[in-house]
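These notes concern the structure reproduced below.
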Number of protein chains: 2
Amino acid sequence: MDVARITIAPSTAFQVHDWLRKRVQQGDLPPGMRISETEVAAAIGISRQPVREAFIRLASDGLAEVRPQRGTYISKISVAAVLSARFIREAVEADLARIVAQTRPAEMLDRMADEIALQTAADQTGNVNDFIESDDRFHRLLALAAGQEAVWADLDRLKAQMNRLRHLSMRAFDRGFIIGQHQQILDALRKGDANASETAMRTHLRQMLTEVPQMAAAQPDYFTD
Amino acid sequence: MDVARITIAPSTAFQVHDWLRKRVQQGDLPPGMRISETEVAAAIGISRQPVREAFIRLASDGLAEVRPQRGTYISKISVAAVLSARFIREAVEADLARIVAQTRPAEMLDRMADEIALQTAADQTGNVNDFIESDDRFHRLLALAAGQEAVWADLDRLKAQMNRLRHLSMRAFDRGFIIGQHQQILDALRKGDANASETAMRTHLRQMLTEVPQMAAAQPDYFTD
DNA sequence: ACGTCTTTACTTGTATGGAAGTATGGCATA
DNA sequence: TATGCCATACTTCCATACAAGTAAAGACGT
């Protein structure tokens with residue numbers, strides 16, 4: 001018997017939080033939107049308490065702001081937070097790239113190549129969600145290849161704000177360019193060239209430095225800072 | 001009138017969370033300890049609801065685990081999480097050091113020197129909390145000097161698990177050694193030697209790689225993974 | 001027309017009771 | 001002695017009622 005599959009039904013509050021979190025990240029609930037404990041509770045058909053606790057978790061994620069006696073609002077995308085997460089990603093993934101370039105685990109590199117193929121397919125069909133998910137897996141595989149899976153989990157939390165921005169920007173920016181950069185990273189890794197791998201990764205992640213101001217200028221209502 | 005000083009009384013739940021968080025980080029509430037909504041509420045003299053919400057926030061911080069219908073427990077220190085945070089710190093602060101070595105903002109470097117003096121004083125009087133707080137400010141000043149204050153805020157969240165470990169290890173390990181490393185970092189920054197600054201920082205933060213296994217072996221009940 | 005006060009309809013925060021689930025000790029039984 | 005059942009005392013979870021605060025619309029006097 002597979003004991004690992006024994007699960008218990010998650011609490012209502014947990015499910016509500018999960019639901020809201022996904023909707024915020026996908027841009028379904030836009031930045032600045034007001035949400036109400038009463039309304040959400042009524043819409044789902046439960047009491048306020050679980051919804052309230054979901055709001056608290058959402059606030060801990062940095063995705064909502066609870067203003068006492070005033071209301072709860074979906075957080076605007078903090079430009080400072082996005083740039084901070086980007087800075088951290090560049091530093092960390094540069095180190096990861098150096099490590100992987102030195103070890104070159106064949107299976108992981110092959111799986112990264114598979115993701116690039118998936119990204120190409122998603123680009124042609126125009127499926128933004130598939131593209132973003134594959135993009136995430138590509139970078140996650142790098143952490144796995146470096147034997148630092150836990151690091152990716154931490155980065156994923158930091159990326160919360162960045163993810164929302166991506167769902168906006170992916171429609172506007174050139175996905176083919178991103179795929180090319182991924183290929184350059186993988187090529188450098190395969191050669192075992194640590195310096196080239198690090199440079200390619202830093203170049204790739206610095207792309208965002210130009211995109212973020214453009215996005216913020218295009219939709220100022222969604223951003224802060 | 002100083003409008004910045006206008007504050008409203010924080011909610012009970014917020015205060016309880018703050019209180020619990022500090023106690024966990026200082027090791028007052030040891031890893032694995034069981035805490036109860038009813039008990040804490042009775043001890044403070046309030047109802048269970050605010051305490052419950054404080055527990056939820058504490059769980060979001062990774063400092064507690066709520067097991068439905070079983071109880072709430074102070075999280076054990078995850079060795080994997082500590083090592084992950086350490087890895088991220090090394091990568092990020094190495095980049096920060098390179099930046100600061102190139103710009104050399106005089107005022108910030110002076111303030112870092114002040115912190116080293118405070119650490120020396122705290123070492124002599126044996127005040128562990130003062131030492132840790134000054135240590136944090138030293139590294140935070142590095143981020144400020146690099147113009148990346150938001151980065152430190154993110155690192156601070158990641159450090160949650162690491163902080164608890166430090167309150168254990170600071171009593172056991174050589175603080176004088178740490179001070180010497182801080183001095184080496186500052187010296188390299190003052191010289192404007194980016195490579196030496198990065199190396200000194202990486203060496204400093206790799207110290208933990210030997211300390212963590214020792215701590216985990218000494219008190220296995222407090223750790224997991 | 002304008003400013004001020006009051007009413008009213010919201011919001012989140014807290015208290016409390018009970019529901020559902022879990023762990024433990026006692027006790028009868030083999 | 002060992003085993004299975006069960007009462008009991010917990011735990012967290014959810015629903016509900018009320019308290020406290022905010023904000024905006026409207027009445028009213030100037």
- Note on the structure: Flagged in the stretch A:30-86 as open to solvent by 30 Å² or more (accessible area, probe 1.4 Å), within 16 Å of A:Met162 (Cβ to Cβ) and basic (Lys, Arg), in numbering order, are A:Lys76
- Message: Considering only the stretch B:175-191, I want to know if a residue exists there that is touching a Lys or Arg at 6+ places or on another chain (Cβ under 6 Å) and either among the hydrophobic types (A, V, I, L, M, F, W, C) or not in a helix (DSSP H, G or I) (or both).
- Response: no
- Only residues that are in contact (Cβ under 8 Å) with a residue 40 or more places away in the chain, under 25 Å from B:Ser60 (Cβ atoms) and more than 10 Å from chain A (Cβ to nearest Cβ): list them for the stretch B:130-162, please. B:His139, B:Lys159, B:Ala160, B:Gln161, B:Met162
- Task: Report, by residue number, each residue of the stretch A:155-191 that is under 16 Å from the mean Cα position of the chain (by Cα) and among the acidic types (Asp, Glu).
- Result: A:Asp156
- Any chance you could count how many residues in the stretch A:51-80 are touching a helix residue (DSSP H, G or I) at 6+ places or on another chain (Cβ under 7 Å), within 11 Å of chain B (Cβ to nearest Cβ) and either without any contact (Cβ under 8 Å) to a residue 12 or more places away in the chain or not hydrophobic (A, V, I, L, M, F, W, C) (or both)? 9
- Message: I'd like the full set of residues that are under 14 Å from A:Phe131 (Cα atoms) and either facing another protein chain (nearest Cβ under 10 Å) or surrounded by 17 or more Cβ atoms within 10 Å (Cβ to Cβ) (or both), limited to the stretch A:174-192.
- Response: A:Arg175, A:Ile178, A:Ile179, A:His182
- Task: For residues that are more than 20 Å from A:Ser134 (Cβ to Cβ), within 13 Å of chain B (Cβ to nearest Cβ) and either of a type in the set (D, E, K, R) or open to solvent by less than 10 Å² (accessible area, probe 1.4 Å) (or both), tally how many sit in the stretch A:93-111.
- Result: 3
- Return only the number of the condition from (1) over 26 Å from A:Asn163 (Cα atoms); (2) open to solvent by less than 70 Å² (accessible area, probe 1.4 Å) that A:Leu20 does not satisfy. (1)
- Item | Residues (open to solvent by less than 20 Å² (accessible area, probe 1.4 Å) and either of a type outside the set (Phe, Trp, Tyr) or touching a Gly at 6+ places or on another chain (Cβ under 6 Å) (or both)) located in the stretch A:127-145 | A:Ile132, A:Ser134, A:Asp135, A:His139, A:Leu141, A:Leu142, A:Ala143, A:Ala145
- Message: Go through the stretch B:21-42 and report how many residues are more than 9 Å from DNA strand D (Cβ to nearest atom), away from chain A (no Cβ under 14 Å) and either closer than 17 Å to B:Gly62 by Cα or β-branched (Val, Ile, Thr) (or both).
- Response: 12
- Message: Between B:Ile185, B:Ile132, which is more than 21 Å from B:Gln26 (Cα to Cα) and of a type outside the set (Gly, Ala, Ser)?
- Response: B:Ile185
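The values are calculated or read from the model by the stated rules, or taken from the named source; none is laboratory data. Predicted, not measured: the structure shown is a model, and the values here were computed from it. A quick note on method: Cβ atoms are made from the backbone with ideal geometry, for glycine too, and the neighbour counts reach across all protein chains shown. Accessible surface areas use protein heavy atoms only, side chains included; no ligands, DNA or RNA. Shrake-Rupley method; radii C 1.70, N 1.55, O 1.52, S 1.80 Å.
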